[in-house]
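Remarks on the structure that follows.
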Amino acid sequence: MRPTLALASAGIALLALAGCGPVAPAASLSPTATATNQPTTTPSASTTPTPTTTPPSSDPPSPPATATPPPASPGASDARSCGDEYVLAMISGAPTSWEGTAEEQLAQAQPEGSFAPAEALAGLDVECVVTYRTPIDGSPGVAVVSQAVVARSDVVFQELEGWANASGYTSRSGQTGFVEREAPLTADGTSTMKIFWAPLDGDDPTIGNAADIVRLSGAQPDAVLVWHADFTQG
């Protein structure tokens with residue numbers, strides 16, 4: 001039986017993790033940085049400094065000051081965690097979910113502030129990441145899901161597509177209209193891994209829980225959701 005995973009509380013499932021079914025963004029639940037000009041100083045023309053004679057010094061000259069390079073954009077390895085509230089929002093209303101209190105659900109989900117595979121996000125400006133376990137309908141019974149919220153850029157979609165192609169993921173349209181990529185199946189036709197991405201402000205189709213993702217991740221409304229499921233670690 002092909003595994004099936006729904007990641008929404010109600011309505012559109014984030015992705016239908018079946019071997020032949022699509023996986024789509026969660027329905028009911030679940031940053032673009034602007035450059036600023038550096039200030040410049042203009043020398044005053046009202047006074048002229050008087051030259052002075054400085055006696056020679058035996059101390060060696062100080063090396064010229066160097067500008068501090070700007071910090072690199074955070075990748076999957078150093079991005080902050082999306083947090084427990086984010087995880088609970090993703091799993092709380094799903095048709096197949098952990099039972100119990102919030103604490104009990106988190107204990108079973110085992111969330112971590114990481115994304116696997118991390119190399120899928122190489123070179124992207126990652127706002128937050130999280131990986132957690134979730135029950136699925138079918139073998140092996142549990143999938144390991146990773147989500148990342150990535151800042152929108154001119155190359156984000158090309159970078160993700162390039163990684164998926166190079167990693168052997170095949171693109172296909174899902175029943176909900178979203179496009180998912182799937183790694184090669186096992187010999188018996190069981191799903192192994194899937195990846196999906198879409199802009200939170202997209203409307204073809206719409207991510208139903210985009211507002212919750214923006215609120216919980218702290219990202220900009222036009223950020224990109226990246227979602228990956230691994231069925232081989234259940």
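Of note:
- Highest to lowest packing among 111-119, 99-107, scored as the average C-beta count within 10 Å: 111-119, 99-107
- For residue 142, the solvent-accessible surface with a 1.4 Å probe is about 20 Å², rounded to the nearest 10.
- Comparing Cα centroids, the stretch 192-234 and the stretch 128-166 end up 8 angstrom apart.
- Computed label-point distance, nm, for sites residue 190 and residue 165 using a 7 Å Cα→Cβ extension: 3.1 nm
- Where chymotrypsin sites (Phe, Trp or Tyr not before Pro) fall in DSSP loop in the stretch 122-176, at most 11 other Cβ within 10 Å: none
- Largest to smallest accessible area among 227, 98, 197 [probe 1.4 Å]: 98, 197, 227
- Global form of the stretch 113-186, assessed from the alpha-carbon gyration tensor, a/c cut-off 1.5: oblate
The values are calculated or read from the model by the stated rules, or taken from the named source; none is laboratory data. It should be emphasised that the depicted structure is a prediction, and the values quoted were computed from it without experimental measurement. For neighbour counting, all protein chains shown are included, and Cβ atoms are generated from backbone atoms with ideal geometry for every residue, glycine included. What goes into the accessible areas is simple: the full protein's heavy atoms, side chains included, and nothing from ligands, DNA or RNA. Shrake-Rupley method; radii C 1.70, N 1.55, O 1.52, S 1.80 Å.
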